Amino acid sequence: MTRALLACLVQRQPDPAVQALMCCALSLLLIDSGETSGAPVPDAPRYSAHTVVNQVVEAAKADRGLQRQSAFINACLRRFLREREILLTRLAEQPQARWNHPLWWIERVQQDHPDHWQSILEANNHPGPMALRVNRRKTDRQAYAKVLATAGIDAQPFGDDGLELRVPYPVERLPGFDQGLCSVQDAAAQMAAGVLLEGRTWTPADRVLDACAAPGGKTAHVLELADVQMLALDLDPKRCERIHQNLDRLGLAAQVLSADAAHADAWWDGKPFDAILLDAPCTASGIVRRHPDVRWLRRASDVEQLARIQRNLLDALWPLLRPGGRLVYATCSVFRAEGQDQVQAFLARHTNAVLCPSPGHLLPGHASTSGEFNDNRSGGHDGFFYARFDKAPH
């Protein structure tokens, strides 16, 4: 909202430093009346309008690079105070100000989810709940919930291994976190292991690939549920270190390689995998409530560019799967180009692929559009997409 409001106050976009200072000032001026776009901020400090304007102008005067702009900043902010109601009424008619998303993003969500677009955008403007995954290798959910309760941490169960905290809590202070009793992982992300493993018995002879694994949450969850040979890949060596750290904390083991999953000739040993998890790079349009800047950092052209990367990864990994094996394709996106459209195109290219019952598009704070994911939690899950393909036996 503050960016749109600033555009109403100036004829041309100011320098980035001036823009940042004025947006901060406008945010403070909007707090008292609850006019900020997004979640309420009950503990935010309140300042009188006079104090905000005065301090912002003084801050500009004290900065050598902003001194010449102090009078301009002062004039803009005082104009806002004089014309506040008129300006806010005008903003309410602008979709990007009303929903706090770029216009191209709003239009894409409207097109992809015509029955849910408003609730998706609204959910994006509120922080997601803190969710934990209990490590079955070291404890069980009921026992760990009692440990949390003893520490005064209120949590309610969801799914098979999940606990949602009523109030977010510092990770480093969670009882038993350093000892690997739990991990922080959203409810939607916790579905990955179940979608990959369900419906068959797994043995230590089974080979599983997590193709884009960092920071290792899904890799670890699979290993918590099944004794398999796990290979975790990631392109970034530093992110591979994160995988190692998470596995060590949880008491788990996997082979971890820094490699590009799309170029199997550089890392694959030629032995087919029984299962592949591809949590592909995407726009992150489903996790805006955890990464609110992503909507402003992305461009409309990024959707198609990332969709091409996803297509290339799918085509590169499919030959590595044994006949009768399974591949789970996942993205933390609500855009159909990275979900259902990608699936239909993949099936058209690979006649030996069978689409199995899958969650499909999970919308932030909602149940799956396919109706296969439902729970009674207040916070809901992030936006995600899942599809499982089985490869024909022959």
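The values are calculated or read from the model by the stated rules, or taken from the named source; none is laboratory data. The model shown is predicted, which means the values in this text are computed figures rather than measured ones. Please note: Cβ atoms are built from the backbone with ideal geometry, for glycine as well, and neighbour counts cover all protein chains shown.
Out of the helices (runs of 4 or more DSSP H) lying entirely within the stretch 193-308, which hold 2 or more residues that are in contact with a Gly (Cβ under 9 Å, 6 or more places away or on another chain)? Correct list: 217-225, 237-250.
Going through (1) crowded, with 21+ Cβ neighbours inside 10 Å; (2) without any contact (Cβ under 8 Å) to a residue 60 or more places away in the chain one by one, residue 221 falls short only on (2). The single condition from (1) within 19 Å of residue 249 (Cβ to Cβ); (2) crowded, with 19+ Cβ neighbours inside 10 Å that residue 120 fails is (1). Within the stretch 139-146, can one find any residue that is crowded, with 21+ Cβ neighbours inside 10 Å and either modelled with pLDDT under 95 or aromatic (Phe, Trp, Tyr) (or both)? Yes, because at least one residue in the stretch 139-146 is crowded, with 21+ Cβ neighbours inside 10 Å and either modelled with pLDDT under 95 or aromatic (Phe, Trp, Tyr) (or both). Residues that are surrounded by 12 or more Cβ atoms within 10 Å (Cβ to Cβ) and small (Gly, Ala, Ser) within the stretch 200-214 comprise 211, 213, 214, listed in sequence order. The C-beta contact set for the stretch 282-293 (first residue closer than 18 Å to residue 304 by Cα and free of Cβ contacts under 8 Å to residues at least 60 places away in the same chain, second residue assigned to a loop (DSSP other than H, G, I, E, B) and of a type in the set (D, E, K, R), distance under 7 angstrom, 6+ apart or interchain) comprises 283/298. Scanning the stretch 302-320 for residues that are surrounded by fewer than 22 Cβ atoms within 10 Å (Cβ to Cβ) and in contact (Cβ under 8 Å) with a residue 60 or more places away in the chain, we see that the one that is farthest from residue 350 (Cα to Cα) is 303.
Cβ-Cβ distance below 6 Å, separation of 6 or more or different chains: which pairs start in the stretch 144-161 with a residue that is in the same structural domain as residue 175 (by TED's automatic domain parsing) and end on one that is surrounded by fewer than 19 Cβ atoms within 10 Å (Cβ to Cβ) and not in a helix (DSSP H, G or I)? Taking only residues 6 or more apart or on different chains, the pairs are 147/175; 151/175; 154/166; 155/165; 158/375; 158/377.
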